[in-house]
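Visitor: Got a structure for you, written out below as structure tokens; questions coming shortly.
The values are calculated or read from the model by the stated rules, or taken from the named source; none is laboratory data. Because the structure is a prediction, the values reported are computed rather than measured. Note: ideal-geometry Cβ built from the backbone for every residue, glycine included; neighbour counts use all protein chains shown.
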Amino acid sequence: MSDYFLGIWNVLVQVNTFAASNGLMGCAIVLVTGIVMVKTGVSITGQEESFSGTARYGNVVLHKSPAIHGSAKSWLGRLAGQLLKFCGAVLFVTGLLALVNVLLYGRG
């Protein structure tokens, strides 16, 4: 099991190194890839309705975002969509870390 996690860690380090060594363009590629993966995962699995809003002086203004119905019909499709969303989010965070590294220290 530790070999599995070590392999995942090595992949994340290689993605970070790729993004940082290619400068802003590499970071943009990783960030856009992460966003596309998350959007694809949401279209497969769907998303429950959500509420967002503000609370000011005792008054609450809520805006309802409707649910998105996914295209997956089986549990395997929903699992693939969830994995795609999770991997996309991890890739996006890795891209953000590489972007901060590039902006602070220049090309890696």
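Visitor: Give me the residue from region 13-28 that is farther than 18 Å from Gly106 by Cβ and either of a type in the set (Val, Ile, Thr) or modelled with pLDDT under 90 (or both) and, out of that set, surrounded by the most Cβ atoms within 10 Å (Cβ to Cβ).
Guide: Filtering region 13-28 down to residues farther than 18 Å from Gly106 by Cβ leaves 13-15.
Applying the additional criterion that residues be either of a type in the set (Val, Ile, Thr) or modelled with pLDDT under 90 (or both) yields 13, 15.
On the way: Val13: 11, Val15: 20.
The qualifying residue surrounded by the most Cβ atoms within 10 Å (Cβ to Cβ) is Val15.
Visitor: Continuing with the same structure: In region 50-62, is there at least one residue being crowded, with 16+ Cβ neighbours inside 10 Å and not in a helix (DSSP H, G or I)?
Guide: Scanning region 50-62, I find no residue that is crowded, with 16+ Cβ neighbours inside 10 Å and not in a helix (DSSP H, G or I), so the answer is no.
Visitor: Within region 63-103, which residues are assigned to a loop (DSSP other than H, G, I, E, B) and touching a residue at least 24 places away in the same chain (Cβ under 8 Å)?
Guide: Residues satisfying the conditions are Gly70, Ser71, Ala72.
Visitor: Going by what's in this entry, would Leu79 be described as modelled with pLDDT of 80 or more, exposed (fewer than 15 other Cβ atoms within 10 Å of the Cβ) and either over 30 Å from Tyr105 (Cβ atoms) or in contact with a Pro (Cβ under 8 Å, 6 or more places away or on another chain) (or both)?
Guide: Numbers: modelled with pLDDT of 80 or more: yes; exposed (fewer than 15 other Cβ atoms within 10 Å of the Cβ): yes; either over 30 Å from Tyr105 (Cβ atoms) or in contact with a Pro (Cβ under 8 Å, 6 or more places away or on another chain) (or both): yes.
Taking the combined requirement at face value, the residue satisfies it.
Visitor: Considering region 45-86 alone, what residues qualify as being more than 22 Å from Ile35 (Cβ to Cβ) and among the hydrophobic types (A, V, I, L, M, F, W, C)?
Guide: The answer is Phe51, Ala55, Val60, Val61, Leu62, Trp75, Leu76.
Visitor: Okay, moving on. Only one of Gly34, Gly7 is touching a residue at least 60 places away in the same chain (Cβ under 8 Å), part of a helix (DSSP H, G or I) and within 30 Å of Leu104 (Cα to Cα); which?
Guide: Of the residues listed, the single one that is touching a residue at least 60 places away in the same chain (Cβ under 8 Å), part of a helix (DSSP H, G or I) and within 30 Å of Leu104 (Cα to Cα) is Gly34.
Visitor: Would you confirm whether any residue within region 2-12 is in contact with a helix residue (DSSP H, G or I) (Cβ under 9 Å, 6 or more places away or on another chain) and buried (at least 19 other Cβ atoms within 10 Å of the Cβ)?
Guide: no
Visitor: Taking the residues in region 16-35 that are of a type outside the set (Gly, Ala, Ser) and within 14 Å of the chain's Cα centre (by Cα) as candidates, determine which candidate is farthest from Leu83 (Cα to Cα).
Guide: Cys27
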